[in-house]
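Let me begin by presenting the structure, written as structure tokens, before commenting on it.
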Amino acid sequence: MADTVKTIKSSGGDYSSLAGWEAGQQKTISAGDRELAEYYSFDDTTFCTIDGWTTVETGYILVYTPASERHDGKWNVAKARNTGGIIISEEYVRLDGLQFDTGAGRSIIISVSAGTGEIRISNLFSTNTFRSIDIYSVGALTIKVWNAVLYVSGGGQYGAILLNDADATLYCYNVTAYHAGGYLAFYQTAGSMNLVNCLGVSGIAQAFYGTMASVTYCASNDATADDWSGAGNRINQTFTFVDSANGDFHLASTDAGARDYGVSDPGSGLFSDDIDGVARSGSWDIGADEYVAAGGGLSISAARSYTQAVNRAAVY
Amino acid sequence: MAEILIKAIDATHLNPVKNQRGCYKRGDPVVIMPDGWGWGTEETKPPIDGGKFVIIKIPGVTPQQVHDAIHARWPGLQHILESELQAGMVVRRRQLTFNIDLLPSAVKNTLNRTGTYTTTWAAIKSFVRDKVSNTTG
């Protein structure tokens, strides 16, 4: 039972890119062991494919940012950031606290894995003009995404997140998908897509689209969030963000579309905070952000210690 | 100048499909970076000391020129078509590889001992092999 932790830094680290780390550490991970890549503040321009490993349920890959290096729920050029993108072709991989700006390309592709497994993506900020997450050609994977902002700032393809694999089961909890390019936000063409506390905005009135397995306590700017008859859904909402034009999807104090309209603990203990590390309480807000009054919020994330971050990573 | 991080040893997987698809092999380029890149300690450890990489430094060319010659033939997220993904396209590691074993002994010794070697693109390009067409240069 051991963790192998390698740092990724622009200089002075074990590796200078995630692609280098992946090439150097590629191995069979035994049950109980974990392979951790700790991302520091710089722009990793390389794209990385995670493949050729052996991973198991308790022996998995975790790519994460310590609290001091982590984005604050919106694009932050002073923090760890990836502009190349990642392909996940392994069965047990977790990403926590990453931010992507991949231009006209995707941020994350989950593809070409054959077995059962579980992929976890948490506390993610993704912006580009294509799509944030693609899920294709995988085995019977369970994919869990929570506290994520999936922002397509223009152009793009159908779906800020797309599930297109009959074997896969996707759970999204407290995900904000905002498609400014006029396409779909949450998009399912095959597989089981389950959404709780998710906020969708689309410029063409199709924030949620597909044959969803379940949609509960979600909200849309159009009439789609309640198309699958789940409880607590809210349609035709006006969301008030801090600065959506510049990719800041924290809820404003004046928001009346998402605040306190979610269900508590949708992941059954999987997480209890928001994309900034703010503790959620009461009736959770819908989307990646939990609004807190002035004096709270972002400062909590910044105050996390390195040790806390490692412990946090151990949880995820 | 451009600097190329190259895998010096094979990674292997028991699954032959995964082994071919996903494992870096000796000679496979990993990343291309500009001159003076702050390589990590695991990337600069010489093979003789247990390192897994070597770094080829090429003065007189820009990373973009190397990128155009090599990286453009790597699969990249932006190069993958929607239809290819839907068809279950296998994203290969690298189409190009460096024939390290064919390098002159003095060069191989330097790489093994120090982990780096400085050369020219004209000198090194004949050791670059396209895995698909099996052509060099």
- Note on the structure: Counting only residues in the range A:26-55 that are within 8 Å of another protein chain (Cβ to nearest Cβ) and within 22 Å of B:Gly27 (Cβ to Cβ), the one surrounded by the most Cβ atoms within 10 Å (Cβ to Cβ) is identified as A:Thr49
- Query: Taking the range B:6-19 as the search range and keeping residues that are aliphatic (A, V, I, L, M) and within 22 Å of A:Ser89 (Cα to Cα), which one is nearest to the other protein chains (Cβ to nearest Cβ)?
  - Reply: B:Ala11
- Item | Residue among B:Gly88, B:Gly40, B:Gly50, B:Gly22 that alone is facing another protein chain (nearest Cβ under 7 Å) and modelled with pLDDT of 95 or more | B:Gly40
- Query: With respect to A:Ala104, is the statement that it is within 14 Å of chain B (Cβ to nearest Cβ), under 23 Å from B:Gly38 (Cβ atoms), aliphatic (A, V, I, L, M) and in contact with a helix residue (DSSP H, G or I) (Cβ under 7 Å, 6 or more places away or on another chain) true?
  - Reply: no
- Task: May I ask you to verify whether A:Ala256 is part of a loop (DSSP other than H, G, I, E, B), crowded, with 23+ Cβ neighbours inside 10 Å and at pLDDT 95 or above?
- Result: no
- Task: Within the range A:1-12, track down each residue that is at the interface with another protein chain (Cβ under 10 Å from one of its Cβ atoms) and not in a strand (DSSP E or B).
- Result: A:Lys9, A:Ser10, A:Ser11, A:Gly12
- Message: For A:Tyr15, only one of the following conditions fails: (1) over 17 Å from A:Glu118 (Cα atoms); (2) more than 8 Å from chain B (Cβ to nearest Cβ); (3) at pLDDT 95 or above. What is its number?
- Response: (2)
- Looking at (1) more than 21 Å from the chain's Cα centre (by Cα); (2) hydrophobic (A, V, I, L, M, F, W, C); (3) surrounded by fewer than 16 Cβ atoms within 10 Å (Cβ to Cβ), can you tell me which one A:Ala279 breaks? (1)
- Item | Subset of the range A:148-163 that is of a type outside the set (Phe, Trp, Tyr) and part of a loop (DSSP other than H, G, I, E, B) - its residue that is modelled with the lowest pLDDT | A:Gly156
- Item | Test: residue in the range A:85-94 that is under 14 Å from A:Leu62 (Cβ atoms), assigned to a strand (DSSP E or B) and in contact with a Cys (Cβ under 8 Å, 6 or more places away or on another chain) | yes
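The values are calculated or read from the model by the stated rules, or taken from the named source; none is laboratory data. As the structure is a prediction and not an experimental result, all values here were calculated from the model. Cβ atoms come from the backbone with ideal geometry, glycine included; neighbour counts cover every protein chain shown.
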